[in-house]
Amino acid sequence: MDRGGRGNALKIAIVLVVILIVVVILMAPSVQNAIAQFLLSPFEEQVPKYVSYRMERVLTVGANGGTIDSFTLDLPLPRQVQGEGYSLQQVLSVTSSPRGEQVLRYGDEWMQWDHGPLAGSQTYVVHVTYQIRVDAHIWGIDEQGSGTIYEVPSSFNDSYLHSEWATDDGWMIDLTSPEIRQQAQEIVGEEKNVYVILERIYQWTVANVVYSGSETSGEPKTALQTLDSRIGDCDDQSILFCSLARAAGVPAWLQLGALYDNSQDEWFGHGWVQAFVPLKGGGSEEVIIDTVNHDFMRWLPDRIVEYTDDGNGDHLSDFYYAFNYYFDETSYPPGQGPTYQESYVSLEHAESSEKVKVGTMFNDLAIRVETKASTSGLMREA
C-alpha cells in the first residue's frame, strides 16, 4: 500500500511537471503564432497570385429611328499600374474593331472614333479587346508605419485637396458643404495619422452607407446626396469617401474600371478609391480602398483599371461621358433621341496555380458582385 501511494504521487508529480513545461512552451510568442496560424489557416481567404484576362468592352450607338448628324466615342486606354517593387496591372495588348484613332489627352493615351451620319434603325458598334494581367497585392501598412497629413507632398495636396466636378446638383467630390466637413470631423476628430484617418472613414462608410444596385444608371450622386440618403452604389460611396478623406486632409481620388465575377464569368463596371499614404520611414504608397467589397488596402486580381482620376473634374466627367453627338431634333418625337449602351464581355481568363493569403473569411464576407452593373452609358449632346 505504501509503495502504491508513493508511486501514484510520483506519477502525479511527473504529470504536473509535464503540464508546467507545456504551459511554458505555449506562452512563447512563436508557438502561439504557429498555433494561431494552424487554427485560422482553413478560414483564410486565398486568391491566385495573378490572373490573365482577355475581355471586350462593347460600345453601341443607335439612331433610334431618327438622325444623328455626327458623333464621337472615346475611351482612355488601360495602362500599367505599379507600386514600389510590385505590379498590379500589366497591359499586354489593346485592339479595337473598327480601329480607333489613338490620341493624347490629359497626358494619357485615349482611343477615339468619329462617325456619322446614322439614321433610322442603323447602329454603330465598337469592340475594344483588352488582354491584361492583374496581380494580387496586400499593403502591410498600419498605424505605426503610417505618416501624418503633414508629410503629404504639396503636389498631391494641390491635386486632390479640393472640390471636384461641379454639377447642377453641387460638387461631386465636395469640400464646400458644411455637412461634409462636419461629418469628417465627427468620424476623424483631431487625428492626423493617415492610416487611422482612412481606416475610420472606411469603417464608418461600411457601417452607415447601404449599397443599392438600383443606383447604377446615369451620372453618379454627389457626395452630399449620398451622405443625406446613406444609400449609394460603388462610385457614389467612393465619391463620398474621397470627400470625407479630403476634408480630413488626406488626398483620395477615384479609380474606375471593371470587376470580374468568377461565379458568372462576367464583367461589370466598377469604381473604388485610391488614397495617398506617406510612410513613417520614408516613401509612400497609393493604396486601394473598396467599401462595397470590403477591401481595405488590398488589391485582389479580380479587377482592371481603365481610368485614374487626376483631380480635374472636367477630365473625370469626360470619362463618364464617352458618347458626344450632334443630332436632328426634328427627326425624333419629343423627349427622345439617340441611344448609347456599354457592356463588357468575358472572352477567357487563366489563373496562376500559386495562391496568396489575403485575409480571413470571418473579416471578408462581402459578396464580390456588388458592382456598378449598368449597361447604359452616359451621353452628351455636343
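Below are the figures for this structure:
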read-out: Of the DSSP H helices in the chain, those whose Cα atoms cover at least 18 Å axially and whose Kyte score averages -1.0 or more; value: 2-26, 194-208, 234-247
read-out: Sequence-distant residues sharing a close amide H with G337 (under 5 Å, placed H); value: none
read-out: Ranking of R99, R303 by count of other Cβ atoms within 10 Å, fewest first; value: R99, R303
read-out: Members of K192/K221; K49/K221; K280/K355; K280/K357; K192/K357 lying beyond 32 Å, as alpha-carbon distances in this model show; value: K49/K221
read-out: Within the range 298-324: backbone nitrogen closer than 15 Å to the R54 label point (7 Å, Cα to C-beta); value: none
read-out: Contact order normalised by residue count of the range 181-269, Cα under 8 Å, 6+ apart, percent; value: 26
read-out: Residue exposure sequence - F268, F241 - by fewest surrounding Cβ within 10 Å; value: F268, F241
read-out: [x] -0.49, -0.59, -1.11, -1.41; [y] -0.43, -0.55, -1.12, -1.42; [z] -0.66, -0.73, -1.07, -1.23, with the label sought being that of the calculated log10 I(q)/I(0) by the Debye sum over Cα atoms at q = 0.08, 0.09, 0.13, 0.15 Å⁻¹; value: [x]
read-out: Residue order, fewest to most beta carbons within 10 Å, for K11, K357; value: K11, K357
read-out: Separation of the L92 and T167 label points, Cα + 7 Å toward Cβ, nm; value: 3.7
read-out: Segment L20-D310, length gained on full extension (0.36 nm per residue, minus Cα span); value: 98.3 nm
read-out: Cα-based reach from K11 at 20 Å (exclusive), listing aspartates and glutamates while leaving out same-chain residues under 8 positions away; value: D2
read-out: Vicinal HN-Hα couplings computed from phi for the range 104-115 (Karplus, 6.51 cos²θ - 1.76 cosθ + 1.60; Hz; Gly/Pro x); value: 8, 9, 6, x, 10, 7, 10, 10, 9, 10, 10, 8
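Read-outs throughout are calculated quantities, based only on the coordinates presented, and are distinct from any laboratory measurement. Since the structure is predicted, the reported quantities are computational estimates derived from the model, not experimental observations. No Cβ is skipped: glycine too gets one built from the backbone with ideal geometry, and neighbour counts run over all protein chains shown.
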